[in-house]
Structures are given as C-alpha cells and as structure tokens.
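**Student:** After the structure tokens below, expect a handful of questions from me.
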Amino acid sequence: MKRETLAAEDAEDLQIISAKLQDAVGRVGDLVWLPKARRFAALFNRFKWENGQHGDNLRIRSGLHFNSVLSVKSHKILRGAPDAVLSLLAIRFVQKGAEDPGGMVELIFSGGGTIQLEVEALDAGLADVSGEWAALGRPDHEAAS
C-alpha cells in the first residue's frame, strides 16, 4: 500500500491535490477552522484514483490542511449537522495578484456547497493517515452534453 503525502504552494500544486481528492467524502464535523492557529483542516475518505481505470476500487482516510488562513466562509454547508456527509468535487485557488501570494481557496462540493478560505499565501498539505479499504463502488460522472 502506498500512502500519499503532498504539499501545495501554488495553484498548479493544488490541482494535483484536488485531483487526488475528487469524489472524497467527509462529515461536516471533520472540517475544522482553527482561527488562532490560522489553520483549516479536514479529514476525508478519498477514492484512490491513482489505481487507474481498471484498478481496485479503494478508499483511504486522508487529512487536508491549509495554513495562513485569514477567514473562512461557507455556502450551503449544514454547519449545525456534524454528521452530514459532503462529497468534494474540486479545490481551486485564485491568487490576488502576480506580486501578492495571497488569494482565495475554494472547496467545491456536490449539491452546490462551497467553503472559501482567504489565505495570506497558499500553504496546503494532503497526507494519507490510514490503511486502505474496499470501496462500495467507483464514483461515476455522467458526461456533460
């Protein structure tokens, strides 16, 4: 079993983490904003897309974190329901300007939910923290017409 550990310091790095976390699922209660530490952290059960098209359908528990977080806003996230399940579709970063390393990180969930992190600079990490297990199925996306 191979465990991933990745870091992101720019939008290109974050695209790799986003691809690893596509279709990851997690509970609202597993997403935490620590304002004094300026950190946002989350635990997800991610689908191991790196196994390839015909590989085993496996999931693994992974921790995601962002440092230098100035503020957090959410839209259509049931923050009062810690057991509600979210399905992560993608993570995007929009830099403020060419000379400013800060910007906005957006976590995009199915159903239209989003979490926006205003960051002083992009400083993110993803690490697998468990063994893998058989997934109940393979996430399927209908082709756009």
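**Student:** Taking the residues in the stretch 47-57 that are touching a residue at least 40 places away in the same chain (Cβ under 8 Å) and surrounded by fewer than 17 Cβ atoms within 10 Å (Cβ to Cβ) as candidates, determine which candidate is nearest to VAL25 (Cα to Cα). Before the answer, list the steps.
**Tutor:** From the stretch 47-57, those touching a residue at least 40 places away in the same chain (Cβ under 8 Å) are 47-48, 50, 56-57; that's our starting set.
Remaining after also requiring surrounded by fewer than 17 Cβ atoms within 10 Å (Cβ to Cβ): 50, 56-57.
Values: GLU50: 17, ASP56: 18, ASN57: 15 Å.
If we take residues in the stretch 47-57 being touching a residue at least 40 places away in the same chain (Cβ under 8 Å) and surrounded by fewer than 17 Cβ atoms within 10 Å (Cβ to Cβ), then ASN57 is nearest to VAL25 (Cα to Cα).
**Student:** Still on this structure: What are the residues in the stretch 1-46 that are in a strand (DSSP E or B) and either surrounded by fewer than 16 Cβ atoms within 10 Å (Cβ to Cβ) or among the basic types (Lys, Arg) (or both), if any? Please lay out each step first, then the result.
**Tutor:** Our first condition is that a residue be in a strand (DSSP E or B); within the stretch 1-46, this holds for 5-8, 24-27, 31-34, 39-46.
The answer is THR5, ALA7, ARG27, VAL32, LEU34, ARG39, ARG46.
**Student:** Within 16 Å of GLN22 (Cα to Cα), among the small types (Gly, Ala, Ser) and assigned to a strand (DSSP E or B), is that true of SER71?
**Tutor:** Working: within 16 Å of GLN22 (Cα to Cα): no; among the small types (Gly, Ala, Ser): yes; assigned to a strand (DSSP E or B): yes.
Taking the combined requirement at face value, the residue does not satisfy it.
**Student:** Could you list all residues from the stretch 104-129 that are surrounded by 18 or more Cβ atoms within 10 Å (Cβ to Cβ) and in a strand (DSSP E or B)? Reasoning before the result, please.
**Tutor:** Going through the stretch 104-129, the residues surrounded by 18 or more Cβ atoms within 10 Å (Cβ to Cβ) turn out to be 105, 107, 109, 113, 115, 117, 119, 122, 124, 126, 128.
Listed by number, the residues that qualify are VAL105, LEU107, PHE109, ILE115, LEU117, VAL119, ALA124, LEU126, ASP128.
**Student:** Taking the criterion of being loosely packed, with under 13 Cβ neighbours inside 10 Å, over 13 Å from the mean Cα position of the chain (by Cα), in a loop (DSSP other than H, G, I, E, B) and modelled with pLDDT under 95, would at least one residue in the stretch 81-96 satisfy it?
**Tutor:** No: the stretch 81-96 contains no residue that is loosely packed, with under 13 Cβ neighbours inside 10 Å, over 13 Å from the mean Cα position of the chain (by Cα), in a loop (DSSP other than H, G, I, E, B) and modelled with pLDDT under 95.
**Student:** If HIS141 satisfies every condition in (1) touching a helix residue (DSSP H, G or I) at 6+ places or on another chain (Cβ under 9 Å); (2) modelled with pLDDT under 95; (3) over 17 Å from ASP13 (Cβ atoms) but one, which is the exception?
**Tutor:** For HIS141, the failing item is (1).
The values are calculated or read from the model by the stated rules, or taken from the named source; none is laboratory data. Small disclaimer: the values here were computed from a predicted structure and weren't measured. Because the Cβ atoms are built from the backbone with ideal geometry, glycine has one as well, and the counts that use them run over all protein chains shown.
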